[in-house]
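Asks: Structure below; questions to follow.
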Amino acid sequence: MNLSKPIAALLLVLPLGFLAVMVVAPLFALAFYEGGAAAWQVLQDGYIQWRIGWTTLQAAATCALVLPAGVSAAWVLARLEFRGRLWILRLLMLPFVMPTLVAGMGVLALFGPHGLLWAGWEDTPYLLLYGNVFFNLPVLVRAAYQGLVQVPAARLYTAQTLGANTWQRFWHVERPVLQPWLAGGVCLVFLYCFSGFGLALLLGGSRYATVEVEIYQLIAYELDMAQASVLVWLVLAVTALAGVLYARFSRLTASGRTIRPLPPSPPRTPAAKALLAGSLLLLAVCCALPLVAVWWRAAQAGDAWQVWRLADTLHALWNTLRFTFGAMLSALLLGVLHAALARRAAWVRTLTFLPFMVSPVCVAFGLLLLYPEWTASLPLLVAAYALLAYPFIAKDLLAAWDALPAGYAAAARSLGATPFQTALTVTAPLLLPALRRGLALAAATCVGEFAATLFLSRPEWQTLTTLIYRYLGTAGAENHDSAMVLTAGLMLSALLVFVLLDAADKQEKAV
């Protein structure tokens, strides 16, 4: 029994040690990389300045596009009752589990060289902006929706009694409550777009690629680690600032009060009906159309479906499954321990989102610098997968754990149960839906992981994502069809994850 406390303490410190080895130490390696000081001259290069300017511009433009669209769609979902409303709220989670390659291939299926809607847009900036909107419009919609349901119904009824119309009620009553939620959502969107890699690599082309893609090209093709390290620190500085602002706005949204929101009502005025129709059309075009395009092109691929019988595909599928399984085991342990430690030390909660704030490209580059002897080793690759996956488990477990009534555990202890028995028979069953939800999101992250795999894997460790990228980079309509067919399979796995998430949500609400 005397050894139990040191062992427990050692286990709880494990996630902090993992973060130190996989994130903090690689960042220090980047900071003190030899030749880095002279390499800062790269920021004076006109080509690099264009890359930085475009990266900032496309992130800011995406924020400007999704903000009004997300607010209007969220208002419709929060205030209007219509058939399918709850399903749309659930389906807004779908882009969160979709790999970036699926979104990129969907955009190419619509506007690429053989686009279904408008072919020949592959060398324009609009493809990347559209792909950004696909991923980030749901972020703004969910943030705005959460803010709108925090508006007390009594305030809106009072404003209506005083003669305020719908727009006046929104501007004077809803908007002040909504502002911190929108600010936090905009910070997230900017962070995701500025540090995005997969979409920029597929859709940016040679001219409209972002800084993250430039980092990859400097390392993979020019072996210029010094200049790449400068750009990594630039990305880290911007994403860190966006992360700090997001954390600050998130604290402003915290409320210990129980709010009775305004229940949705059917649209009665022509303006409300028009807003409903426009918002549903916008969500369909921006969020559903690329996914439909992938299946449409895959259905027309004909003999390309034979790609699933090739040895390369089966080997890539096996690699994807075994890497995901190994990462999931590690992520499960790290996520549970991190949540347990965060329950004891409040400052650990802030570290939960650290892997989200550092892009996979930056992490992979830092790992290459710090652990060159482990380059292209299986443990390092699986560890990188686990780093990107375990925060989903930790944050969902922690939120569910905080919501548990303290009386349950106290009642079990009063009946003579040991702490281990209480945790096993009382706490664990109540946390199971949240754990299942976190595991599903973690699995989606691992299956669709692309950036770290390009950096850390070897050719014989090819996964489905890198195989799709290989086919896409090879000339010929047959190779493009094969890539689309594989993308459809990758989308099917994401849909399976979505079904598991939906089931976990229903079970969690039932509990």
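The values are calculated or read from the model by the stated rules, or taken from the named source; none is laboratory data. Here the structure is a predicted model, which means the values were calculated and not measured. Here Cβ is always computed from backbone atoms with ideal geometry, including for glycine, and neighbour counts include all displayed protein chains. The accessibility values were calculated without ligands, DNA or RNA, using every heavy atom of the protein model including side chains. Shrake-Rupley method; radii C 1.70, N 1.55, O 1.52, S 1.80 Å.
Asks: Using only the Cα atoms of the range 232-328, build the gyration tensor, take square roots of its eigenvalues as a ≥ b ≥ c, and label the shape rounded, prolate or oblate: rounded if a/c is under 1.5, else prolate if a/b is larger than b/c, else oblate.
Replies: It is oblate, given that a/c is not under 1.5 and a/b is not larger than b/c.
Asks: Still on this structure, please answer the following. Could you order the peptides 103-114, 160-171, 336-347, 201-212 from most to least packed, using the average number of other C-beta atoms within 10 Å per residue?
Replies: Ranked by mean Cβ neighbours within 10 Å, highest first: 103-114, 201-212, 336-347, 160-171.
Asks: At a probe radius of 1.4 Å, what is the per-residue accessible area of residue 430, in Å² to the nearest 10?
Replies: Solvent-accessible area, nearest 10 Å²: 50 Å².
Asks: Starting from the Kirkwood radius over alpha-carbon pairs of the range 171-245, derive D by Stokes-Einstein at 25 °C in a medium of 0.890 mPa s and give it in µm² s⁻¹.
Replies: 175
Asks: Modelling each spin label as a point 7 Å along the Cα-to-Cβ direction, I'd like the residue 167/residue 13 distance in nm, to one decimal.
Replies: That separation, rounded to one decimal, is 6.2 nm.
Asks: Kyte-Doolittle cut-off 1.6, length cut-off 18 Å along the helix's own axis using Cα: show which whole DSSP H helices in the chain pass.
Replies: Membrane-span-like by this criterion, though nothing is claimed about a membrane: 4-19, 270-283.
Asks: Ranking request for peptides 432-443, 147-158: highest mean number of other beta-carbon atoms within 10 Å first, then the rest in descending order.
Replies: 432-443, 147-158
Asks: A further question on this structure: May I ask you to list the residues of the range 217-240 whose amide nitrogen lies under 16 Å from a point 7 Å from Cα along the Cα→beta-carbon direction of residue 350?
Replies: 240
Asks: Just one of (i) 23.1, 77; (ii) 21.7, 69; (iii) 23.8, 72 is Rg and Dmax of the Cα atoms in Å as worked out from the coordinates here. Which one is it?
Replies: Computed from the coordinates, Rg and Dmax of the Cα atoms in Å corresponds to (iii).
Asks: Per the Kirkwood formula on distinct C-alpha pairs, the Rh of the range 129-276 is how many angstrom?
Replies: Radius from the Kirkwood sum: 18.3 Å.
Asks: Please give the per residue accessible area of the range 55-158, computed with a probe of 1.4 Å over protein heavy atoms only, in Å².
Replies: Ligands and nucleic acids excluded, the figure is 36 Å² per residue.
Asks: Measure off, as a whole percent, the carbon and sulfur share of the 1.4 Å-probe accessible area of the chain, all protein chains present.
Replies: 68
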